[in-house]
Amino acid sequence: MDTFSLTDIKKKNLSDIYHYIYKNPGCSKQAMANALAISLPTVSQHLSTLLNEKLIEKSGQLTSAVGRRAMSYQIIPAARVAVGIEILARNVYITVLNLYGKKEVKEKFRLNFRPEQVYFEELQKIVKDILHRYGYEEAQILGIGLGIQGLASPDGSHVTYGKILDCTGLSIQMFADYFSVPCKFIHDAECASISELWENPEINDAIYLSLGQHLGGAIIIHGELQNGLTGKSGTFEHMTLIPEGIECYCGKKGCAECYCSGNFLMEPDMELDEFFAKKEQGDPACRKKWDDYLLNLSMLINNLHMVLENTVILGGNITPYFTEQDIAVIKQNVLKRSTFRDDVSYIIHGKCRNDAVSIGAALPFIKAFLKDFALRS
């Protein structure tokens, strides 16, 4: 039989009250007491604690036809924030999220990646400058996540496979030593899927495809990412799509990465928006590339759905360019290849279209804070 000390009960009540306010901004003391079955004096005591810690604030008085108007409360969204960084070969995208997972800051910087101390010295200066300019104290920062094009160890302490940026073995300490807050690496595709789960909390079982300059993915079961024994689950980019086809950066031939990533579409030094601008202008080579891309993607989707009969979510930087007709073509192609002539409504457009990687790099710290609120000392 579980036993709870008075301290445990106090912590639980404090957490319950905070979460109630989080989900019901503008609520009254009486509403909290009624919903949580906690006495008014106890609610008042914990509200004082949360006010003193500057985690909540009074948000005005509720309207009332009779008697004294009750005071309402809301959390302070930026009482704690998390920083997410998307690291690319030539740029970094930095996002600061509040406790509702909303963007407080979003900035882009030109910074050529090198797996060297000097790079992370420059990166930390950029981050600290942002925190200073926007008035964030380090005590507000829950953590800093670095979304990177590579697989990370389960604890985020180092890169276990980083062929794209040539950074296998890279340690987070090269960056974390400049801060007193938790820092970790997170695979960029995992970041994107974390963002999608935040925007789509009703998702239960799904396959997530991150369609960007590079291809990535994730498996979601019971609303949780499935990373596998060593973090390699969901690396759909290295499934063989065309035997003995185009050589992949991994050294093998015919990987889905070579046919379902932005790099399949773009010429060297071309950006995605340049490709789609040329396609819209009627460039025949770009139109042919796009048709081939949609066919390749449909083959990958059908293969994945044969393994896991779940929703397939299309996310990443390419998906904002999809038209309704493009989605219809993908579904038609999948239907043609499907052995079972399935209803292809399982293919859906992701909700998180922009900054999914930098947002997803920050969200784990927000989620941990909310989940572990009752465990605070």
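The values are calculated or read from the model by the stated rules, or taken from the named source; none is laboratory data. For clarity, every value in this text was computed on a predicted model and none was experimentally measured. FYI the Cβ positions are ideal-geometry reconstructions off the backbone, even for glycines, and counts take in every protein chain you see. Calculation scope for accessible area: heavy atoms of the full protein, side chains included, ligands and nucleic acids excluded. Shrake-Rupley method; radii C 1.70, N 1.55, O 1.52, S 1.80 Å.
Quickly run through segment 54-71 and pick out the residues that are in contact (Cβ under 8 Å) with a residue 12 or more places away in the chain and in a loop (DSSP other than H, G, I, E, B).
Lys54, Leu55, Leu62, Ala70
Quick check on segment 72-129: of everything there that is polar (S, T, N, Q) and not in a helix (DSSP H, G or I), which residue is farthest from Glu53 (Cα to Cα)?
Here the answer is Asn112.
Take the residues of segment 8-45 that are β-branched (Val, Ile, Thr) and either open to solvent by 30 Å² or more (accessible area, probe 1.4 Å) or in a strand (DSSP E or B) (or both): which is modelled with the highest pLDDT?
Looking at residues that are β-branched (Val, Ile, Thr) and either open to solvent by 30 Å² or more (accessible area, probe 1.4 Å) or in a strand (DSSP E or B) (or both), I get Thr42.
Taking the conditions exactly as written (open to solvent by 30 Å² or more (accessible area, probe 1.4 Å) and either touching a residue at least 60 places away in the same chain (Cβ under 8 Å) or not basic (Lys, Arg) (or both)), does Ser48 satisfy them or not?
The answer is yes for Ser48.
If you check Ile94 against the conditions, is it under 19 Å from Phe369 (Cβ atoms) and among the β-branched types (Val, Ile, Thr)?
In short, no.
How many of the residues in segment 254-278 are open to solvent by less than 70 Å² (accessible area, probe 1.4 Å) and of a type outside the set (S, T, N, Q)?
16
Is there any pair with a first residue in segment 106-132 that is touching a residue at least 60 places away in the same chain (Cβ under 8 Å) and a second that is open to solvent by less than 60 Å² (accessible area, probe 1.4 Å) and part of a helix (DSSP H, G or I) whose Cβ atoms are under 8 Å apart and which are 6 or more apart or on different chains, and what are they?
Lys106/Ser358
Evaluate the following for Ile246: is it more than 24 Å from Ala152 (Cα to Cα), at pLDDT 95 or above and out of contact with any helix residue (DSSP H, G or I) (no Cβ under 7 Å at 6 or more places or on another chain)?
no
Considering (1) surrounded by fewer than 20 Cβ atoms within 10 Å (Cβ to Cβ); (2) touching a residue at least 40 places away in the same chain (Cβ under 8 Å); (3) not small (Gly, Ala, Ser), say which one Val312 fails and leave the rest.
(1)
Tell me the residue from Leu146, Leu142, Leu170 that is touching a strand residue (DSSP E or B) at 6+ places or on another chain (Cβ under 8 Å), of a type in the set (A, V, I, L, M) and open to solvent by 20 Å² or more (accessible area, probe 1.4 Å), please.
Exactly one of Leu146, Leu142, Leu170 is touching a strand residue (DSSP E or B) at 6+ places or on another chain (Cβ under 8 Å), of a type in the set (A, V, I, L, M) and open to solvent by 20 Å² or more (accessible area, probe 1.4 Å), namely Leu142.
Could you check, for segment 245-253, whether at least one of its residues is farther than 30 Å from Pro201 by Cβ, open to solvent by less than 30 Å² (accessible area, probe 1.4 Å) and touching a strand residue (DSSP E or B) at 6+ places or on another chain (Cβ under 7 Å)?
yes
Looking at (1) under 30 Å from Lys54 (Cβ atoms); (2) part of a loop (DSSP other than H, G, I, E, B), which is the only condition Gly145 fails?
Unmet condition: (2).
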